[in-house]
Amino acid sequence: MAFLNPEGVIKAIGIDVGMTIADFGSGAGFYTIPMARAVGPTGKVYALDVQKSALEVVKSKAKEARLLNIHPMWADLDTLGGSHLADGSAHVALISNILFQSDHKKELLQEAFRILGAKGRIAVIDWAFSARGGPAADRVVKQEAAEKLLEEAGFSKVREFFAGDAHYGLLYQKP
């Protein structure tokens, strides 16, 4: 079974040198580290998470990899303004395996919309079904439901992308 591949996702969503990325729910940096390499020293990756212990892991990994463009920040992503990023300050927001965890999905997506600049993109990756290591069946956010939430938040669909056998990948854009 093909599982999540950060480099493949980075390519699929079009992350490039010099971009500013917001990694919503970064955890220990599964995407943060490869995205920091992709944006290069002129880009920035904000690793946003509510778990301070996860942010400490990101800090350690960034230091070990000599990546000075990673900015770990404590964030409550379920509230508007909770990322602490400025309006329109990011090119891309990545939300991977977070939608199913949030009890405030609309607010989460509104926060992503707020921090993205015009034509900014949001990539949502989440579990397509309940699987080993994933959420319980009642927590899974089906792809159709995620698409509806993204459209209600004001985003327009760009395309779907492969995110592994157990996940879906959606790329949307802010007008």
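Laboratory data are not the source of any read-out in this text; all were calculated from the coordinates shown. Please read these numbers as outputs of a predicted model, since none were measured by experiment. Every residue, glycine as well, gets a Cβ built from its backbone with ideal geometry; the counts of neighbours run over all protein chains shown.
Points to keep in mind about this one:
- Cut-off under 5 Å, modelled amide H: who pairs with residue 158 long-range: 171, 172, 173
- In order along the stretch 85-90, the phi-based Karplus estimate (6.51 cos²θ - 1.76 cosθ + 1.60, θ = phi - 60°) of 3J(HN,Hα) comes to 8, 6, 4, x, 8, 10 Hz; Gly and Pro are listed as x.
- With the convex hull of the Cα atoms taken as the outline of the stretch 1-89, the averaged projected area works out to 6.2 nm².
- Residue-by-residue Karplus 3J(HN,Hα) for the stretch 162-174, coefficients 6.51, -1.76, 1.60, Hz, glycine and proline x: 6, 10, x, 5, 9, 10, 10, x, 10, 10, 10, 9, 7
- Nonlocal amide H pairs with residue 93, under 5 Å, H built at 1.01 Å: 22, 121, 122, 123
- Sum of -39500 (n - 2.57) over DSSP H runs of 4+, divided by residues of the chain (222 nm, nearest 500): -8500 deg cm²/dmol
- Radius of gyration and Dmax over the Cα atoms of the stretch 6-173, both given in Å: 14.6, 42
- Estimated dipole of the stretch 6-173 in Debye, rounded to 20 [Cβ of Lys and Arg +1, of Asp and Glu -1, Cα centre]: 480
- Using θ = phi - 60° in the Karplus curve 6.51 cos²θ - 1.76 cosθ + 1.60, the 3J(HN,Hα) couplings for the stretch 11-24 round to 5, 5, 9, x, 6, 9, 4, x, 6, 10, 10, 10, 9, 6 Hz; x is entered for Gly and Pro.
- The chain: relative contact order as a whole-number percent, Cα under 8 Å and 6+ apart: 21
- Taking label positions 7 Å along the Cα-Cβ direction at both residue 173 and residue 142, the computed distance is 2.9 nm, reported to one decimal.
- Extension gain, residue 60 to residue 157: 0.36 nm times the residue separation minus the Cα-Cα distance gives 31.4 nm.
- For the residue pairs 63/142; 119/142; 52/174; 61/157, the C-alpha atoms sit more than 27 angstrom apart in 63/142; 52/174; 61/157.
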